[in-house]
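Nothing in this text is a laboratory measurement; each read-out follows from the coordinates by a stated rule. It should be emphasised that the depicted structure is a prediction, and the values quoted were computed from it without experimental measurement. Glycine gets a Cβ as well: all are built from the backbone with ideal geometry, and neighbour counts include every protein chain shown.
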Amino acid sequence: DTGVSQDPRHKITKRGQNVTFRCDPISEHNRLYWYRQTLGQGPEFLTYFQNEAQLEKSRLLSDRFSAERPKGSFSTLEIQRTEQGDSAMYLCASVPQGTNTEAFFGQGTRLTVV
Amino acid sequence: AQTVTQSQPEMSVQEAETVTLSCTYDTSESDYYLFWYKQPPSRQMILVIRQEAYKQQNATENRFSVNFQKAAKSFSLKISDSQLGDAAMYFCAIGGVGGNKLVFGAGTILRVKS
């Protein structure tokens, strides 16, 4: 399968715990995006990498959130001290080089904070 | 800032008939791209159709076509000969030229009746 892969698909955690999600983009894509989608809403942009450089972060990304893409390949999104409001679907998308080409989405990681 | 509004939370269509999903947007950019994405239940989001704002001609992809009214900032999706497999959440989105950060609407659930 050469699509965007996200792991885990589902995560249930207790409030206050830390969680980390992984995204493996399509191998030749140099751009990678994280979005958050709450129930009944469209995805909201969180952050964006071009290769290993994090070029933009949304104000939605509080200091409890951190994202990395250390070698310009896979990316991780960590949430520290989770809160119930963090419960959402976290989507990753990768995009090839070029002017506004298609974003390819993964199936997402559904986080439930109890 | 860019915003996208989808005013129809839910739509229904009879199999083989035509349905139109509405989308309006706002942007201060002179050049941008508009997208319709489909998100089937528990599956990843896939691109349905894309429109470059500088092109006057409406995009078409098989049974899917758009009505792009730039002055009115309107971008509706028409699905002809609706099929059961078209049932999904549909998101309208806008992206800038410089990067592929997308701003999504809240989505429209499309139900297809047999």
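At-a-glance table
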read-out: Among the candidates B:7, B:42, B:22, residue that is among the hydroxyl-bearing types (Ser, Thr, Tyr) and within 12 Å of chain A (Cβ to nearest Cβ); value: B:42
read-out: Strands (runs of 3 or more DSSP E) fully within the stretch B:58-110 counting 2 or more residues that are at the interface with another protein chain (Cβ under 10 Å from one of its Cβ atoms), closer than 30 Å to residue A:51 by Cβ and not hydrophobic (A, V, I, L, M, F, W, C); value: B:88-96
read-out: Residues satisfying the stated conditions in the stretch A:70-91, i.e. among the hydrophobic types (A, V, I, L, M, F, W, C) and over 20 Å from residue B:36 (Cβ atoms); value: A:74, A:77, A:79, A:88
read-out: Count of the stretch B:45-58 residues which are surrounded by 12 or more Cβ atoms within 10 Å (Cβ to Cβ) and farther than 15 Å from residue B:93 by Cα; value: 1
